[in-house]
Each structure stands twice: as C-alpha cells, then as structure tokens.
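Asker: Here's a structure for you.
Every number in this text was worked out from the coordinates using simple rules, so none of it is lab data. All figures in this text were calculated on a predicted structure; none of them were measured in a lab. Here the Cβ positions follow ideal geometry from the backbone for every residue, glycine too, while neighbour counts run over all protein chains shown.
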Amino acid sequence: MKNTLDQDRNELYALGDELFIHPQLGYKEFTNKKILTEYFESHGLRVTDLGFRTAFKVSVGSGSPRIGLIAELDAIPTLGHPFANKDDYAAHSCGHSTQCAIMAYTLVKLKDIVKKGTVTLYFTPAEEFTDIAFRKQLIRKGEIRYIGGKVNMQAAGQFDEEDLLIHLHTMGQSDYHFSLNSALSGFVYKEITFKGKATHAAVAPDKGINALNAFVLFDNALNMLRETFREEDFIRIHGILSTGGQTVNSIPEKTVYECYVRSMNEKALRETAARVDNAAKCCAKAIGASVSIRTTPGYLPMHQNRAINDIIRKNMLKYCKPEEIHDGEISMAAGDIGDLSLFKPTVQFGYSGFAGNCHGKDLCIVDKQRAYLEPAKIVYDTVKYLLDHEDYVNKIKQDFTPAMTKEEYLAYLG
C-alpha cells in the first residue's frame, strides 16, 4: 500500500494546493468543507456533519480499536500573504490546509485495508483564537458555546468513543525533519477594565481618579509577581493596553488592558489567573478606582502520549536520522488539541517542507514530499500498526488517567 500512496501522490498534492488557495477563518470554512466533501464522495465515503457550522467527520471500518484522526480547517488573518482572502486577510499561514490534505488522503488509502477496527477523521473548525467579535456573535446566537472549535466538540462529547487521537502540525521553516513529544502551553484571555473619574487634567486633577494610574500600579504588580513563578510551570503574562484614556486634556476615566495568561501546568494556569485578578482588584482599590475583569477560557496545556509517539518515531526513522527529530520541545504556543489531551491519549507530531514563519506572510510549501507525502505515510503506518495490535491500544488506554472530569471541565469553561 505504500506504493499506492506514492503512485497517487499527485492526487494528494492537487488536493493540498486547492485547499491552500481557499483560506477562511474559523466557523467560516465552508469552501474547504465543500472541497473535502467532494473529495470523499468521489472515493465512495460518506461525510457526517457534526454541527458548529463547519465541523464534520468521515469513518472507515467498524468495531474496536477506535482510532481518531484530527485535522484543522481554519486559516488565520495574515496581511500580505499572496493567497490571503481579500475579505478578512485569512491565509493558511499556519499550514492547516496541509493537515486536511494529509489526513483526507490517508483515510482514503486506509479504506481498503481496514478489516478490524474503526478509523474516524474529525475535521475541526476554529483552532486559531482569533476573530473574537464574530465568534461572540455566534455564541449569543447559540450556534456555538465556546471560542475554540475542538472545545465545542469536546464539551459536546464528539470524541468520547475514540480510544486515542492522532494529530499533526507543520513546524514551519525548521532545521529538523520532524518533531515529537512537544509540549504546548495553555492560556486564558482577560480583558481588564479600570474605571476612574474624569476631570480637567490641568485645572482640577485633585477631583479625579486616574484609571491609567490604576493600570500602571497593576502593571508593576504583575512585574513583582513574575519573580514568584516557578520555572517548570513556564508561566507567561503578555498583553496590550488597548484603551489608555479618552483625551490628553482629561484625567483618564477608563483604561482597558487585554492579556493572555499562559502556563504548561493547568493548575498553575488557574492559580496565576486568580492572582492576576487579585492584583487588578487591589491596585484599583488602592487609588479609589474600580475594575471589571472578563475572563475567556482559551486552551489547556497539551500532554503528549509517549506510547503512541514511540510508534510514530519508528515510522519517522524511515525518512530521517534520529538527530533530525526534535524530541521534547517546550513550546509556549497553544492549541485546542490540549483540551482533548486531558481526556484521551493524544499526540501531535510536527513535519517540515515549508519556508517562512508560521503565521507569517512568507509561509509557503517548498518540499511537497516532506509537507504532504511523508506525514501521510507516517499516519498510515501508525494507524495500521495500532489496528493490528489492539493489545497495545488497550495498554495505552489502561495506562491513561484523565486530568479532569467532564464536570470539572465544563465548570472551568463556565
């Protein structure tokens, strides 16, 4: 069957090229969904719609073991990218289109050899945490509950039947051939609004309450907190002052600080987010201002399953030397695959074949064999091994302990 993957490689490349030039933002990926639906139907496979506007799945086989594959549909706003959407500058500058092509092609090739077990490919919307105003409109309309696509799907129980989950993601331009066992951080998004009292800045500053000063005090408190962060938790707090005041001639009545709080440790993430809130409240109170804090859950840290990655590594070594695999990278990036990894044995491996920076206007595919064909073969061989070794899958399941209960997760999401 490897020869079939090789012989039909132009089909894979053509599908990837078509997806790459039709980027759309999260929950708007209707064009890529149509392209993929037509591709599956041309191979006799039925698409099952999963709601949340664009989510869908395709399955082959039946019974156990049950292997879940993940591919992300969305693009990200990228000014200046040659294939950016003219409406909202969406571009596949994070390489999600290649994931979709790889996984779709692999599932088609698996169709004829799956004799025992089930392989289900989930196409998930809206991994990029962007276009927030539009997504909040969808929440108000009841079309989605949460910002991230996989978060909605996880909360709805759409991955519950799977024994394990396999995902992959481009590394962008890299000195490595592949990456394995990479850690991803989790984060929450905060909008912190300080309110004071406006007066004439020159004539009567004593009659005002300076909201900007409340923020400055808070910003210094954040800096003082940073020395208390444990290195192993990889905590980051970064943000922008999106509103500094209303006019130079008045004491600022309102300032708005938007930030992410990140960590590799979900407990440390929750604790740090609470400390940020406490600092904001105390600093506002110190000068007589008030503060309101809106927290939106982002994504939780990614925990890789090493038993699955042991099989993936063996398959990677068919195409590279051991030193060409970046093993155990600590990345402060985040993805909603992290939420899935709390509940199921999950992996995300990285692949090369690109030039330029992820999320940059210069990201492009320069080696189609690396960017498409080799990852497809790795997924194919890994899935085949797992289907043929149900005892190995059962051992993975037995050794896995969920990091949260479903009830705790839903309470965290709010």
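Asker: Please get the size of the charge dipole for segment 201-264, origin at its Cα centre, with Cβ charges of +1 on Lys and Arg and -1 on Asp and Glu, quoted in debye to the nearest 20. Please list the in-between numbers first.
Answerer: Working: 6 positive and 8 negative charges, 29 e Å.
For segment 201-264, the charge dipole is close to 140 debye.
Asker: Counting Lys and Arg as +1 and Asp and Glu as -1, each charge on the Cβ, what is the dipole of segment 186-297 about the Cα centre in debye, to the nearest 20?
Answerer: Working: 15 positive and 12 negative charges, 61 e Å.
The calculation lands at about 300 debye.
Asker: Also, quick follow-up: Can you give the angle from 0 to 90° between the axis of helix 132-141 and the longest principal axis of the chain, with both taken from C-alpha atoms, to the nearest 10?
Answerer: Helix 132-141 and the main axis of the chain meet at about 80 degrees.
Asker: Near K28, which aspartates and glutamates are there with a Cα under 14 Å away, not counting those fewer than 8 places off in the same chain?
Answerer: Counting by Cα, and skipping residues close in sequence, K28 has these aspartates and glutamates nearby: E72, D74, D87, D88, E127, E128, D131, E143.
Asker: Another question, then. Could you tell me how far the Cα centroid of segment 114-155 sits from the Cα centroid of segment 233-265, in Å?
Answerer: If we compute the Cα centre of each part, the gap is 28 Å.
Asker: How far apart, in nanometres, would the label points at S290 and E11 be if each is projected 7 angstrom from Cα along the Cα-to-Cβ direction?
Answerer: That separation, rounded to one decimal, is 6.4 nm.
Asker: Just subtract the alpha-carbon distance of E271 and L241 from 0.36 nm times their residue separation and send over the number in nm, one decimal.
Answerer: Going from the current span to full extension adds 8.5 nm.
Asker: Hand me the trypsin sites (Lys or Arg not before Pro) from segment 219-285 located in a DSSP loop with no more than 13 other Cβ atoms within 10 Å, in residue order please. Don't skip to the end; give the middle numbers.
Answerer: Values: sites: R226, R230, R236, K254, R262, K267, R270, R275, K281, K285; in loops: R230.
For trypsin sites (Lys or Arg not before Pro) across segment 219-285 that sit outside H, G, I, E and B with at most 13 neighbouring Cβ atoms in 10 Å, the list reads R230.
Asker: Using mean Cβ contacts within 10 Å as the protection proxy, how do 206-219, 400-413 order, highest first?
Answerer: Details: 206-219: 19.6, 400-413: 13.1.
Descending packing order for the listed peptides: 206-219, 400-413.
Asker: Between A411 and K314, with labels modelled 7 Å along Cα→Cβ, what's the label distance in nm to one decimal, could you check?
Answerer: In this crude spin-label approximation the distance works out to 4.2 nm.
Asker: Could you name the aspartates and glutamates in cross-link range of K207, using Cα to Cα under 16 Å and dropping any fewer than eight places away on the same chain?
Answerer: Once the sequence-local aspartates and glutamates are set aside, what remains near K207 is E253.
Asker: While we're here: May I ask for the angle, rounded to the nearest 10°, between helix 266-286 and the longest principal axis of the chain, with both axes built from Cα atoms and the value confined to 0 to 90°?
Answerer: Around 20 degrees separate the two axes.
Asker: Taking a threshold of 30 Å on the Cα-Cα distance, which of the pairs K109/K395; K86/K321; K86/K136; K321/K406; K314/K361 fall above it?
Answerer: On the way: K109/K395 27 Å; K86/K321 42 Å; K86/K136 23 Å; K321/K406 41 Å; K314/K361 34 Å.
Pairs exceeding 30 Å: K86/K321; K321/K406; K314/K361.
Asker: Classify segment 44-143 as rounded, prolate or oblate from the Cα gyration tensor: take a ≥ b ≥ c as the square roots of its eigenvalues, call it rounded if a/c is under 1.5, otherwise prolate when a/b beats b/c and oblate if not.
Answerer: On the way: a/c = 3.25, a/b = 1.73, b/c = 1.88.
Judged from the Cα gyration tensor, segment 44-143 comes out oblate (a/c at least 1.5, b/c at or above a/b).
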